[in-house]
Amino acid sequence: MRNQINPRCIIGLVLVALLTLPSCKMGRKSPGDTAQKEVKLDKEKVAKDVREFVYPLPTSFEVTKMLNRIGAAYILSLSNPTTNVEKYLTEKAKALNLGVYSSDLSYASTYNQKQTTIDYMNVSKTLIDALNISAAIDPDLIEKVEAIEDNKEEMITLITNTFYDTYEHLNRNGRSAVSMLVIAGSWVEGLYVVTHITEDTYNDKEMVKIVMEQKSSLNKLVELMNVASDDPAIAETLALLKPVRDIYNSIENGAITEAQVNAITAEIAKVRAAIIE
């Protein structure tokens, strides 16, 4: 890893982390197996999973435009304080909060908060080093992500191809659960910020649309995490996400009520509090 991390590198890490999710399904042992079998990866399946999970999440450019249109100010208190990093002692806590901090980093970067961005870069690097996952990251990933970050099709291709470079390393070292926790933490923090950036989320159509679109992303995340639900950290995180998923799955016909938005807002705050405490 480099001494300083560009915000897009952390975003790239989260995207790469996503790609270990299908790897759990392809590389898990069956009862009685003494060694993990060689599994041929299905590139089209990987690309499909990336497309279904990463998008319709908006690109950073789309988020910036939206925030500018609605006049939403940067609120530092929404982010997880960097001083909290000292509290995260378990692998589960470190991985979840690496995801949280990656979203906070992206949030600060979107608003061009230079010192805050540096602070979140540093704390993210601390967790990356603590989790010993630096070796799984392509050293040229920063430049690659920056070059095409707002081109969805090219980004899908980049993420899919990058997966083949990270798959062997992470699975050889039994790190699939770590990557799931990183992406789960990032998803939770992203939704937390969206639902708390304004006091009246329901009356902002663009915010409501983003909130609604997280239903498919959450269900995809849960579906993939269920494959490794025998891992205690994964099982605990799935239990934490269940109340939010239950609310989302009560939404019908693409229409969300004010009560449902408020319920999601309150529940995601509880989940997030449990992760960062």
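The numbers here are math on the coordinates, done by the rules we state, and not lab data. Please read all numbers here as calculations on a predicted model, not as lab measurements. When we count neighbours, we look across all protein chains shown, and the Cβ atoms used for this are built from the backbone with ideal geometry, even at glycine.
3J(HN,Hα) couplings calculated from phi for the stretch 87-97 with the Karplus curve 6.51 cos²θ - 1.76 cosθ + 1.60 (θ = phi - 60°) are, in sequence order, 7, 8, 9, 8, 4, 4, 5, 5, 5, 4, 7 Hz; Gly and Pro show x.
Listed values for the stretch 262-277 are Karplus-derived 3J(HN,Hα) couplings in whole Hz (6.51 cos²θ - 1.76 cosθ + 1.60, θ = phi - 60°), namely 5, 5, 4, 4, 5, 6, 5, 5, 5, 4, 5, 4, 5, 6, 8, 5, and x replaces Gly and Pro.
For the pair residue 245 and residue 143, label points projected 7 Å from Cα toward Cβ lie 4.1 nm apart. Exceeding 20 Å between C-alpha atoms, which entries from my cross-link table qualify? They are 215/242; 125/215; 94/125; 94/144. The answer is 125/215; 94/144.
Would you mind classifying the stretch 174-277 by shape? Square roots of the alpha carbon gyration tensor eigenvalues, ordered a ≥ b ≥ c; an a/c under 1.5 is rounded, otherwise it is prolate if a/b is larger than b/c and oblate if not. Show your work: numbers first, answer last.
Details: a/c = 2.24, a/b = 1.74, b/c = 1.29.
Taking the square roots of the gyration eigenvalues as a ≥ b ≥ c, the stretch 174-277 is prolate.
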